[in-house]
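Please treat every number below as a calculation from the coordinates, not as lab data. For clarity, every value in this text was computed on a predicted model and none was experimentally measured. Cβ placement follows ideal geometry from the backbone for every residue including glycine, while neighbour counts extend to all protein chains displayed.
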């Protein structure tokens with residue numbers, strides 16, 4: 001197990017290194033992305049440009065620049081933005097992180113709850129009208145663009161039905177920190193949570209139903225039934241439990257991707273300044289230090305989630321060999 | 001056992017009809033199964049209907065609505081119920097600054113869904129936008145499947161260094177949040193276009209989002225293909241062929257490729273749906289299809305400014321996306337049931 005862990009760790013570092021280099025190279029290969037002309041301002045004199053280039057170390061060879069940037073990011077931790085002079089990158093990411101984490105954790109709560117309910121009910125009532133309806137609803141959830149759903153939800157809760165008792169409690173878009181105003185935090189976040197969760201409830205509900213239906217044909221379910229266990233117990237303790245293996249795998253990957261900035265569209269629609277939004281804004285202004293920081297941050301979560309999933313998977317299911 | 005039975009005791013469950021016909025091949029059987037899947041066929045019809053309607057966009061714009069959906073028409077006036085009405089009316093909200101486009105007239109020949117902030121016919125734009133959305137989804141799916149098949153086949157079949165190399169590249173792409181990768185590529189490329197050797201794409205071309213979307217999802221398909229090739233390589237019929245001395249390129253083409261084809265076909269509707277969602281999201285972030293071209297994503301983006309006053313501009317293209325993606329997903333389920341009954345493949 002230990003050697004697997006160590007190998008995983010190295011693999012993780014390798015992938016993170018690869019990603020940061022790729023991003024770095026994409027950036028410098030981009031025409032018009034020269035940071036010095038942005039820093040120096042419009043119509044800067046050639047001398048200023050040269051001075052800026054020297055100050056920021058942009059006249060050094062690329063590998064050295066990469067090394068310096070990584071050093072500022074990880075060791076000195078004082079990497080500064082190219083676009084907003086003096087703005088430190090790491091505090092910026094740190095500020096955005098709780099917003100993204102609140103969004104993703106809350107949504108994950110709803111999607112675990114929703115999808116297990118839907119999956120179990122649909123599997124228990126297999127081929128009944130209820131099962132059909134749930135599966136169709138799941139498919140509709142998968143088929144909706146999340147940003148569009150967010151807009152429709154905003155339209156209903158912020159405008160059309162905002163003056164009725166149903167949605168009069170909905171606060172204006174934005175974020176309230178959990179530590180300052182927990183109830184306000186909940187009220188602001190609950191609608192983004194549900195919006196983001198809809199897609200995953202659809203996917204996971206369907207995966208879970210398929211898993212339970214498949215498990216129901218296994219020998220150990222027949223054994224359980226012939227032992228005289230109740231159907232509820234068979235469903236929840238035997239069939240559901242095995243099906244959760246696939247669920248855990250999916251969950252780890254999706255959770256990692258969302259924490260790593262994949263919730264961007266939800267953040268944009270609901271005006272949340274999370275990591276996804278930060279990355280998107282930095283990309284728009286081609287602010288390399290911020291991009292590097294968020295991408296490394298994101299890839300860390302994605303790769304870490306991948307690794308955790310593999311380990312959990314191996315722990316749950318001894319048949320899985322780690323390749 | 002049957003030989004000892006008297007011929008008169010023929011089991012009741014024989015299929016005389018099946019005996020008369022020559023046995024169907026696996027493809028024909030799958031097609032037959034798909035054909036009898038009502039939900040999948042309904043979904044296919046809906047999808048084809050959407051494609052057809054979108055293809056008729058120029059006809060609709062020039063013959064039915066008599067409008068040009070690509071030029072702004074800020075000072076335009078139309079006749080509604082015999083009255084001349086300005087397309088952009090003075091805003092009724094707040095300080096009365098700015099203007100609000102006219103809402104839906106529900107008259108199919110005349111600004112059916114109203115105008116956008118530029119005074120353009122939203123209905124006509126949705127049809128034209130649909131052509132782009134469908135075209136991008138379709139072409140990027142072809143690109144994605146083509147390269148994914150090559151990479152998956154090569155990695156799985158040759159193994160060794162080739163496998164390590166391809167798998168690591170796929171790992172790196174995979175470790176990016178796919179969406180952020182698409183976004184970074186789009187932002188970097190959309191303003192300047194690509195100019196690498198023989199490939200030259202001008203900025204604002206539809207081929208930029210197409211190639212970006214095509215590339216980022218390659219690992220989704222290449223990984224399962226590689227896995228399948230690996231297990232096929234160990235299967236008895238491939239071992240038998242190897243034992244008979246069949247050259248490896250022949251095994252690849254005759255034994256492995258047909259099996260991989262089913263996997264690829266199962267992926268087609270699912271990738272179409274996924275690519276369509278991705279395209280619309282990129283366009284919504286204004287880094288996909290560029291003005292004056294439209295796609296369903298860009299129209300939703302246009303409608304964001306007037307979301308609370310003229311909500312149809314943003315809502316209608318979203319409904320189009322949902323219908324399209326939903327039909328593709330239902331069709332995808334049907335295709336998977338027909339070709340891969342054990343449902344080993346899943347898009348995520």
Legend entry - Förster radius 56 Å - calculated FRET efficiency between residue A:87 and residue A:127, Cβ distance, rounded to 0.05: 0.45
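Want the number for residue A:47 to residue A:67: 0.36 nm per residue separation, take away the alpha-carbon distance, what's left? Walk me through the numbers before you get to the answer.
Details: separation 20, 0.36 × 20 = 7.20 nm, distance 2.60 nm.
This chain segment gains 4.6 nm when fully extended.
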Legend entry - With Cα atoms, 0 to 90° folded angle of helix A:46-55 axis to chain A main axis: 60
Inset, instruction - Compute the convex hull volume of the Cα atoms of the protein assembly as shown, divide it by the residue count, and report the result per residue in Å³ as a whole number. - result: 246
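For the pair residue A:117 and residue A:94, what calculated FRET efficiency results from E = 1/(1 + (r/R0)^6), where r is the Cβ-Cβ distance and R0 = 22 Å, to the nearest 0.05?
Working: r = 36 Å, r/R0 = 1.62.
Calculated transfer efficiency: 0.05.
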Inset, instruction - Note the angle between two axes, namely the Cα long axis of helix A:275-284 and the longest principal axis of the Cα atoms of chain A, as a number of degrees from 0 to 90, rounded to the nearest 10. - result: 40
Inset, instruction - Pop a pseudo-label 7 angstrom from the Cα along the beta-carbon direction at both residue A:156 and residue B:248 and give the gap in nm to one decimal. - result: 5.8
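Using 0.36 nm times the number of residues separating residue B:142 and residue B:165, minus their current alpha carbon distance, what extension gain do you get? Walk me through the numbers before you get to the answer.
Numbers: separation 23, 0.36 × 23 = 8.28 nm, distance 2.34 nm.
Result for the pair: 5.9 nm of gain on full extension.
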Legend entry - Value at 222 nm in deg cm²/dmol, rounded to 500, when DSSP H runs of n ≥ 4 in chain A each add -39,500 (n - 2.57): -22500 deg cm²/dmol
Inset, instruction - Please provide three numbers in whole Å: the alpha-carbon extents of the stretch B:278-343 along the principal axes, with the largest listed first. - result: 48, 23, 15
Legend entry - Residue of A:277, A:227, A:176 that the Gaussian network model of chain A assigns the largest fluctuation, springs spanning Cα pairs under 10 Å: A:227
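From Cα pairs below 8 angstrom and at least 6 apart in sequence, can you work out the relative contact order of chain B, rounded to a whole percent?
On the way: 485 pairs, mean separation 72.8, N = 348.
Averaging sequence separation for qualifying contacts and normalising by length gives 21 percent for chain B.
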Inset, instruction - State, to one decimal in nm, how far the label point of residue B:304 lies from the label point of residue A:222, with both points 7 Å from Cα in the Cβ direction. - result: 5.7
Legend entry - Gaussian network model of chain B, springs between alpha carbon atoms under 10 Å - residue of B:72, B:295, B:283 with greatest fluctuation: B:72
Inset, instruction - Please report, in whole Å, how far the alpha carbons of chain B spread along each principal axis, starting with the longest. - result: 92, 58, 33
Legend entry - Cα pair distances exceeding 14 angstrom across the stretch A:235-308, given as percent: 65
Inset, instruction - Could you check which residue among A:233, A:53, A:241 shows the biggest mean-square fluctuation in a GNM of chain A with a 10 Å Cα cutoff? - result: A:233
Inset, instruction - Measure nothing but the geometry: give the 0 to 90° angle between the long axis through the Cα atoms of B:122-158 and the longest principal axis through the Cα atoms of chain B, rounded to 10°. - result: 30
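Percent relative contact order of the stretch B:234-348, based on C-alpha pairs within less than 8 angstrom and at least six residues apart? Could you put the intermediate results ahead of the total?
On the way: 99 pairs, mean separation 30.8, N = 115.
In percent, rounded to a whole number, it is 27.
Would you calculate a helix-derived [θ] at 222 nm for chain B, using -39,500 (n - 2.57) for each DSSP H run of n ≥ 4 and dividing by the full residue count, to the nearest 500?
Helix contribution divided over all residues of chain B: -19000 deg cm²/dmol.
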Legend entry - Alpha carbon convex hull of chain A, projected area averaged over orientations, nm²: 22.4
Inset, instruction - Can you figure out the FRET efficiency of residue B:200 with residue A:230, using R₀ = 60 Å and their beta-carbon distance, to the nearest 0.05? - result: 0.30
Inset, instruction - Please tell me the relative contact order of chain A in percent, rounded to the nearest whole number, where contacts are Cα pairs under 8 Å and at least six residues apart. - result: 24
Legend entry - Extension reserve of the residue B:31-residue B:261 stretch, reckoned as 0.36 nm per residue once the Cα distance is removed: 81.4 nm
